[in-house]
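Step one of this worksheet: look at the structure below.
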Amino acid sequence: MMAQRFTSLASSPIPVLLPYDVDALAREVAEGTAPSDDARYLAGFHAGKFFYAGPAGYDAAFAINTSEIADLSDIKFAAPIEVQISGSRLLYELDVPIPSDGSSVAALEPDFPGIRRRMIEHSLRYTFTRFGVPYLVSISCYDANVARYKMPTCHAADRVAQRFLRALHFVGGTPRDFAPTARLPIDRPAQVSQTFGYYAPGQLVQGTGFRGQGGRQDYTVYSQIRFPLAEIPVYANTEVFRNRNRMRVSDLSESPNISYAWRDNFCERRGFPVAQCPAGIGHQGQDIRPAGCKLVPGTERCEQHGDILAVRDGMILRSLKQEAAYLFVNTANEHIRFRYLHMNPRRMDADNVLSGRRVDEGEVIGEVGNFSMKAAGTSYHLHFDVQVPTRNGWVFVNPYMTLVSAYERMIGARGTELVDPIVAEGEPASMAQAQEKNGAKSRRHYVKQSREKSKPRHRVRQAQR
């Protein structure tokens, strides 16, 4: 009965908790009084199309219009508020743990012993353990008195989250023993590229960190993905501080960007909380754009577009008009999600890049855009980020080396890591100049340091029972 409503329910290896009153449905079906729709069983929530179960657990999303609910009608937020729930057998233990144990919630303790409430990365989270499995309920929100960034206030989100938690019921799943599968080894080409170079992770362009802080020196390749842009060469670097990286407009129009080494810009100066950044605030992902750049007359903006691809097999989470598209991956050795930004929402709506769509690795899901709150709100590029589940919920991690590794496989050659970056005036404009200026050290590529730097900086473990 429930499997018809939530496809793949039976494939979940853990008990699935959803805001659905299964007992009431069963009773009314037996009595012949069950309505034609499920609205009365969902405690005011609307069942979205996103339900994704697999070897690692499950993820689901629901939404509620507070104006339709009497005890929430005073919340002044016009759009539906989306609530996500995840149950995961795999948790990532990061080498920089989240410094928040959260707070207890006395009103929920009788039903959820040990439940904790946390506010991390613009996300209100409730974490609890049931059936020996960790669960997460989360809502994106803005921690202030007024809503911003198209998010409700966290006070409003908290009321919605508690309603959601009280509505949870066991709806299915096939719990079974779990032997975690080892992470797949990361394939790296044997040949060394003569053109592709990248500065070490965490080494931001000088002056672009938050209050003098640097980036996140994380060599972890979190997943062996297909590179998210279809065509090469591409350029990964700062989009906000281009002049500081000596990227003249004439260079963009006359030379391919591959003549510049890649640069990590995770943790670059932004106003977003990022728990893994040294300053606790910064840029949540990596910016990438196509190499060619045909300038719009009289501007520094590119007309260049390029196809954007699904980096793994998985399922899309995205509602109509939303700017962000998430791709969830759920396998025996990975539970991970990727976020794409700056594609045009109208185009994504028309192309059915919406919740519940299953995609195959390499499938086109959009094109490089410049949308950020509005058309032409930013330069043409793709913002790409990675999140992994921890005991505190989904957390942003540095995607830089994951992208470097994927690009190496795409070009069939290993890149050269520039170990002594030059960030002042005189920064080399090409790979050859960088190698000449940096000398032998610059020619040491990442594989030669694999015994030290390729050691995973996190562990994936089975959720404690």
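For Ala60, are the conditions met, namely being surrounded by 14 or more Cβ atoms within 10 Å (Cβ to Cβ), touching a His at 6+ places or on another chain (Cβ under 6 Å) and either among the aliphatic types (A, V, I, L, M) or within 19 Å of Thr7 (Cα to Cα) (or both)?
No, not satisfied.
Please give the number of the condition Tyr41 fails out of (1) crowded, with 17+ Cβ neighbours inside 10 Å; (2) touching a strand residue (DSSP E or B) at 6+ places or on another chain (Cβ under 8 Å).
Failed condition: (2).
For the stretch 108-122, check the following and say yes or no: at least one residue is at pLDDT below 95, of a type outside the set (Lys, Arg) and closer than 14 Å to Pro389 by Cα.
Yes, the stretch 108-122 contains a residue that is at pLDDT below 95, of a type outside the set (Lys, Arg) and closer than 14 Å to Pro389 by Cα.
How many of the residues in the stretch 1-38 are assigned to a loop (DSSP other than H, G, I, E, B), among the charged types (D, E, K, R) and surrounded by fewer than 16 Cβ atoms within 10 Å (Cβ to Cβ)?
Total satisfying the criteria: 2.
Which members of the stretch 192-237 meet the condition of being modelled with pLDDT under 95, under 21 Å from the mean Cα position of the chain (by Cα) and part of a strand (DSSP E or B)?
Correct list: Val234, Tyr235, Ala236.
What are the pairs, 6+ residues apart or on separate chains, where a residue within the stretch 349-363 that is assigned by TED's automatic domain parsing to the domain that holds Arg226 and over 15 Å from Ile308 (Cα atoms) has its Cβ under 6 Å from a residue that is in a strand (DSSP E or B) and of a type outside the set (Asp, Glu)?
Once the first residue is assigned by TED's automatic domain parsing to the domain that holds Arg226 and over 15 Å from Ile308 (Cα atoms) and sits in the stretch 349-363, its partners that are in a strand (DSSP E or B) and of a type outside the set (Asp, Glu) give Ser355/Gly48; Ser355/Lys49; Ser355/Phe50; Ser355/Leu317; Gly356/Lys49; Gly356/Phe50; Arg357/Ile316; Arg358/Met315.
So how many residues does the stretch 164-191 have that are closer than 28 Å to Ser138 by Cα, out of contact with any helix residue (DSSP H, G or I) (no Cβ under 6 Å at 6 or more places or on another chain) and at pLDDT 90 or above?
Going through the stretch 164-191 one residue at a time, the tally reaches 7.
Could you tell me which residue of the stretch 89-121 is surrounded by the fewest Cβ atoms within 10 Å (Cβ to Cβ), considering only residues that are closer than 30 Å to Arg216 by Cα and of a type in the set (Ser, Thr, Tyr)?
Filtering the stretch 89-121 for residues that are closer than 30 Å to Arg216 by Cα and of a type in the set (Ser, Thr, Tyr), the one surrounded by the fewest Cβ atoms within 10 Å (Cβ to Cβ) comes out as Ser103.
Say we look at the stretch 129-162 and pick out the residues that are aromatic (Phe, Trp, Tyr) and out of contact with any Leu (no Cβ under 8 Å at 6 or more places or on another chain); which of these is modelled with the lowest pLDDT?
Going through the qualifying residues, I end up with Tyr149.
The values are calculated or read from the model by the stated rules, or taken from the named source; none is laboratory data. This is a predicted model, so every value here is computed, not measured. Methodologically, a virtual Cβ is constructed for each residue, glycine included, from the backbone with ideal geometry; neighbour enumeration extends over all protein chains shown.
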